[in-house]
Amino acid sequence: MDAGVAAVAGAVVGVVGTTVAGVLTAWATRGQARIQARAQQNQWLRQVRRDVYVALMTADSATEDLVLGLRHAVSQAPPDLQEADRRLHQAPELLGKLKFAALTVGLEGPLGALSRASEVQTTTFDTLRELTALRDLLASNAAGTAAVDEAKAKVQDSIERMQRAGSAFIRFASEVLSRDEQ
């Protein structure tokens, strides 16, 4: 009987060992699948963020080109008001793209992304407002030199703020994407 009991006990130990090994293998496989899924999710999120950040930077670059061209047109002697008007007619479309890109950045995050993107948008809107005021001042022919000089100084300050906001966003995006890589 001892041999029979020993055989049964051996079989039970074998079954339990196999079951435990199976459970451990399943647990390890499930853990590995979770790790892989998390890595794929992070890679997808990084790609989505990169795409929306690039869209914002592209829209910002296009509006900056518009602003610099507009500043050049109004800085001519005499000011090229037709060129200024042509550029101003392009502004609504570019500002719409910039606004959409800024909102999309805000949706994709992380925290702080919306405020950085909004700063890019706000400073661009402000700069275009200052340039439009300068263009209108120059067209009125009633403005004195001091008023024009003051308006030009405001335009220059606005452009510098806009460029700083764009550079700050690029640094922010770079930091976020490098963190997402890790």
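What residue among Gly112, Thr132, Leu98 has its Cα farthest toward the positive end of the dipole of the chain, where the charges are +1 on Lys, Arg and -1 on Asp, Glu, each on the Cβ?
Checked the options; the winner is Gly112.
Using a Förster distance of 45 angstrom, determine the FRET efficiency expected from the C-beta separation of Arg86 and Ser174, and round it to 0.05.
0.85
What FRET efficiency do you get for Ser115 and Arg161 if R0 is 22 Å and r is their Cβ-Cβ distance, rounded to the nearest 0.05? Before the final figure, lay out each step's value.
Details: r = 15 Å, r/R0 = 0.68.
So the FRET efficiency works out to roughly 0.90.
Quote the charge dipole size of the chain about the Cα centre in Debye, to the nearest 20; the model charges only the Cβ of Lys and Arg (+1) and of Asp and Glu (-1).
The dipole magnitude comes to about 520 debye.
Would you mind getting me the FRET efficiency between Ala139 and Asp65? Use the beta-carbon distance for r and R0 = 22 Å, nearest 0.05.
0.45
Just to confirm the number: angle between the C-alpha axis of helix 2-75 and the first principal axis of the chain, 0 to 90 degrees, nearest 10?
Here the helix axis deviates by roughly 0 degrees.
Can you match Rg/Rh (Cα atoms, Kirkwood Rh) to one of these, [x] 1.51; [y] 0.93; [z] 1.27, based on a calculation from the structure here?
[x]
Projecting each Cα onto the charge dipole of segment 38-96 (Lys/Arg +1, Asp/Glu -1 at the beta carbon, about the Cα centre), which of Leu88, Gln41, Val74 comes out farthest on the positive side?
After comparing all options, I get Gln41.
Laboratory data are not the source of any read-out in this text; all were calculated from the coordinates shown. Bear in mind the structure is a predicted one, so any value in this text is a computation, not a measurement. Here the Cβ is made from the backbone with ideal geometry for all residues, glycine too, and neighbour counts use every protein chain on show.
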